[in-house]
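Each reported figure results from applying straightforward, stated rules to the coordinates on display, with no laboratory input. Values in this document were obtained by computation on a predicted structure and should not be read as measured data. All Cβ positions, glycine included, derive from the backbone under ideal geometry; neighbour counts span all protein chains shown.
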Amino acid sequence: MQATLHYIHDPLCGWCYAAQPLVGAALEKLGGRLRLELHGGGLFAEPRRLDPELAQHIVQADRRIAQYSGQPFGQPYVEGLLAAPDTVLHSLPPIAAVLAAQAMDPALAYPMLTAIQNAHYLRGLRVAEPAVLGELAEQVGLDGGRFGLGFAEISGTTLYEHVQDSRRLLSEVGGQGFPTLVLERQGQRQVLPHHHHYGQPDAFVARLAALLPALH
């Protein structure tokens, strides 16, 4: 029986970007024993204009993220998106895009999330815009027309219920925000400490692999 790795995240959470190599490595090396379930929590549940105070907070956090995880931040993001006075952060459209990708092909849900993260943090793209999300969907192999229809359909009650369910799960497991990783096997859940594995995906995979047989 497969275990489930619940990933409570937000596409615009820098520390989730830091965790990207950990989750990717777990799927690559343990994919046959592990099913990934994505839970978008809505860090910016309402559109938030990037004022100078918030921009400075993000810049400082990104420095720590780069130091701990080795994840790169592109010049178009640092000098473009974060410096532009009209930048708006909004988590719900990218979460809806991940859900739309999942509905079309579950195997492409996580690639869609990583494409959104990379577009944001490396290329400085405005990933709250449907046109950008449509281009990313096509890049991961989804049909653009079908994705657009699915995205529009999900961007309502389904999306809000998903975010509320994600936040409820975060509370139930005692998570400390985004990202929170939870391993579930045979109805048992345990939060996986992962912060000390930033930049060390192999160590994270080894820790996770050791836990799988222990939960039989």
Report ³J(HN,Hα) in whole Hz for each residue of region 125-131, in order, from the Karplus equation J = 6.51 cos²θ - 1.76 cosθ + 1.60 where θ = phi - 60°; Gly and Pro get x.
7, 8, 7, 8, 8, x, 5
Viscosity 0.890 mPa s, temperature 25 °C, Stokes-Einstein D of region 3-214 from Kirkwood C-alpha radius, µm²/s:
140
Residue-normalised 222 nm signal for the chain, counting each DSSP H run of n ≥ 4 as -39,500 (n - 2.57), nearest 500 deg cm²/dmol, is -16500 deg cm²/dmol
Sorted by chain and number, the residues with a modelled amide H under 5 Å from that of GLY41, at a separation of 5 or more or across chains, are HIS9, ASP10
So for region 109-213, taking the charge dipole from beta-carbon charges (+1 Lys/Arg, -1 Asp/Glu), which of LEU170, LEU149, GLN200 sits furthest toward the positive end?
GLN200
Options MET112, SER91, GLN67, ranked by Cα towards positive dipole end of the chain, top entry (Cβ charges)
GLN67
